[in-house]
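Student: Submitted below is the structure of interest, expressed as structure tokens.
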Amino acid sequence: MHALLDRFGIKRRDVESLAEPAPLGREVLVSETMRPSTATAQWHDRLERPEIVARISAGMTNLTVVEAPNRKWRRWRSRSRCARRGISASRPRW
């Protein structure tokens, strides 16, 4: 995220939330999984906070993990799901 903001010339403090966080806490789960490798040491500190543990646990509700044998299969599977839902599966062009 830092690299993307830097590329656009935007400071972190200038980023606004577009909506209120979802009640299940999935944004906390995704935020933690997207943390850069240099910051993963913070996981231990964050997991000592009961409210963070509760949000991450709630975010795991109805979560589905899809394993694919290779990139080509994952890409095909992702595109077929998007096609069924009427969503464009093309990559954004930066």
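The values are calculated or read from the model by the stated rules, or taken from the named source; none is laboratory data. For clarity, every value in this text was computed on a predicted model and none was experimentally measured. Cβ sites come from the backbone with ideal geometry, for glycine too, and all protein chains shown count toward neighbours. Only protein heavy atoms, including side chains, enter the accessible area calculation; ligands, DNA and RNA are left aside. Shrake-Rupley method; radii C 1.70, N 1.55, O 1.52, S 1.80 Å.
Student: Run Thr38 past the list (1) on the phi < 0 side of the Ramachandran plot; (2) within 14 Å of the chain's Cα centre (by Cα) and report the number of the one that doesn't hold.
Tutor: The single condition Thr38 does not satisfy is (2).
Student: Let me ask something additional. Going by the conditions given, is Pro36 of a type outside the set (S, T, N, Q) and touching an Asp or Glu at 6+ places or on another chain (Cβ under 8 Å)?
Tutor: No, not satisfied.
Student: Then there's this: When you go through Arg71, Arg79, Arg46 one by one, which is the residue that is surrounded by 11 or more Cβ atoms within 10 Å (Cβ to Cβ), out of contact with any Pro (no Cβ under 9 Å at 6 or more places or on another chain) and at pLDDT below 80?
Tutor: From the options Arg71, Arg79, Arg46, the qualifying one is Arg79.
Student: Out of the residues in the stretch 1-25 that are of a type in the set (Asp, Glu) and assigned to a helix (DSSP H, G or I), state the one that is most open to solvent (accessible area, probe 1.4 Å).
Tutor: By that ranking, first place goes to Asp6.
Student: Do we have any residue at all in the stretch 50-59 that's of a type outside the set (S, T, N, Q), open to solvent by 70 Å² or more (accessible area, probe 1.4 Å) and part of a loop (DSSP other than H, G, I, E, B)?
Tutor: no
Student: So which pairs qualify, if the first residue must be in the stretch 50-69 and farther than 11 Å from Val28 by Cβ, the second must be open to solvent by 60 Å² or more (accessible area, probe 1.4 Å) and part of a helix (DSSP H, G or I), the Cβ gap must be under 6 Å, and the two must be at least 6 apart or on different chains?
Tutor: Ala68/Arg74
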